[in-house]
Amino acid sequence: MLRYFRVKPRPEKYAPDRAQISAGDLERDPAALITLRQINQLPENARRRVYRGLLPPALLARHGIDPITWRAAGAPVVRLKAEPGAGKVALGVRPVPDAADDFMQIELADNSLNGVDLNFLILSDPRAERFGTDFDAQGQPTHLGTARRNLPEEQRAQAAGLAPGQVRQGLGGSRPVLDQLEAFLGLLGHRAYFLEPLTYASAWLFERRGFAYVRGHALMDRIHHEFQPGGRLCAALDDSTPFRQPGQWRTVRGRAWAIHDGILEHIEAAWDGLRMVKQIGRPAGVETFPRAVY
């Protein structure tokens, strides 16, 4: 089992620094790495053609979206943001043109090591009930609970079986989406990609999808240890808030809500600085919560 990755103190760059890549570059080396910034220098229709490879056709078709034109009921439903000069791409997908929310969002960015970060991934069921955890009672954005909270809506979401940061039940399509992402990144010559899990539940999910930790494995092991009976986190599930109920340590979702509620202060820790990596086509086999129940 690969538990930790060692990061070079002075990583060597392995991609060209110039903004554009030519057909000659690709002809000389089929493994030449292509950055998002270079793709974004292409003409608009060329960018759309390339980024079409980020979205699983079967997932789009299941929601009545043409995977080639990105249209449903004759109208565009996929938003692409890939500005020339930017090393970032964002895609948002709505089930119908007048839907209130995207049911899928994905954002990628070039990083300082000439790799790629998965900044954002949301997959939610557009037919499920929506919970207003993304705005507080004054209408201010909560930034998924990291800046401020809407406690009544969080309690409703928790009771409905959602995890922190969710506004709807998940779509259950993370595996094909990540498989599609890996195929896309492999086409560009990347061998790995990185992310920072927003919640304990998302870290656990990405473990199941083959990710390992660049930073944070020791914290995840410590959290699991302290949630065992007799541990400090287990003892802190004292019914002091709706998110710290006895028995929550038994499930991923229960632990996630308690951590979202700040329970890590009992072990002088915080949910911060975790970073994960996935090698293209190679699962790491990491499991910090053995035999977990979601």
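The values are calculated or read from the model by the stated rules, or taken from the named source; none is laboratory data. Model, not experiment: these values are computed from the prediction. Reconstructed Cβ throughout: ideal geometry from the backbone, glycine too, with neighbour counts over all protein chains shown.
Restricting region 88-101 to residues that are farther than 17 Å from A61 by Cβ and at pLDDT 95 or above leaves a set whose member that is surrounded by the most Cβ atoms within 10 Å (Cβ to Cβ) is V89. Per this entry, E182 is not counted among residues that are surrounded by 16 or more Cβ atoms within 10 Å (Cβ to Cβ) and in contact with a Lys or Arg (Cβ under 7 Å, 6 or more places away or on another chain). Could you count how many residues in region 125-138 are over 19 Å from D102 (Cα atoms) and exposed (fewer than 14 other Cβ atoms within 10 Å of the Cβ)? Here the count works out to 2.
For region 44-54, state whether one or more residues are in a loop (DSSP other than H, G, I, E, B) and closer than 19 Å to L181 by Cα. No, every residue in region 44-54 fails to be in a loop (DSSP other than H, G, I, E, B) and closer than 19 Å to L181 by Cα. Only residues that are in a strand (DSSP E or B) and of a type in the set (S, T, Y) were counted across region 87-122, and they come to 0. Residues in region 196-215 that are under 13 Å from the mean Cα position of the chain (by Cα), surrounded by fewer than 22 Cβ atoms within 10 Å (Cβ to Cβ) and farther than 15 Å from R175 by Cβ: E196, P197, L198.
Determine whether Q138 is on the phi < 0 side of the Ramachandran plot and part of a loop (DSSP other than H, G, I, E, B).
Values: on the phi < 0 side of the Ramachandran plot: yes; part of a loop (DSSP other than H, G, I, E, B): yes.
Yes; evaluated as a whole, the condition is true for this residue.
Considering only residues in region 137-167 that are touching a helix residue (DSSP H, G or I) at 6+ places or on another chain (Cβ under 9 Å) and among the charged types (D, E, K, R), the one that is modelled with the highest pLDDT turns out to be E154.
Looking only at region 43-62, residues that are more than 15 Å from L187 (Cα to Cα) and surrounded by fewer than 17 Cβ atoms within 10 Å (Cβ to Cβ) come to 9 in all. Only a single item in (1) surrounded by fewer than 18 Cβ atoms within 10 Å (Cβ to Cβ); (2) over 19 Å from L187 (Cβ atoms) is not met by I65, and it is number (1).
The rows are residues; the columns are (1) touching a strand residue (DSSP E or B) at 6+ places or on another chain (Cβ under 9 Å); (2) without any contact (Cβ under 8 Å) to a residue 60 or more places away in the chain; (3) small (G, A, S).
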position: R37; (1), (2), (3): yes, no, no
position: L60; (1), (2), (3): yes, yes, no
position: A75; (1), (2), (3): no, yes, yes
position: P95; (1), (2), (3): yes, yes, no
position: A100; (1), (2), (3): no, yes, yes
position: F103; (1), (2), (3): yes, no, no
position: N111; (1), (2), (3): yes, no, no
position: D117; (1), (2), (3): yes, no, no
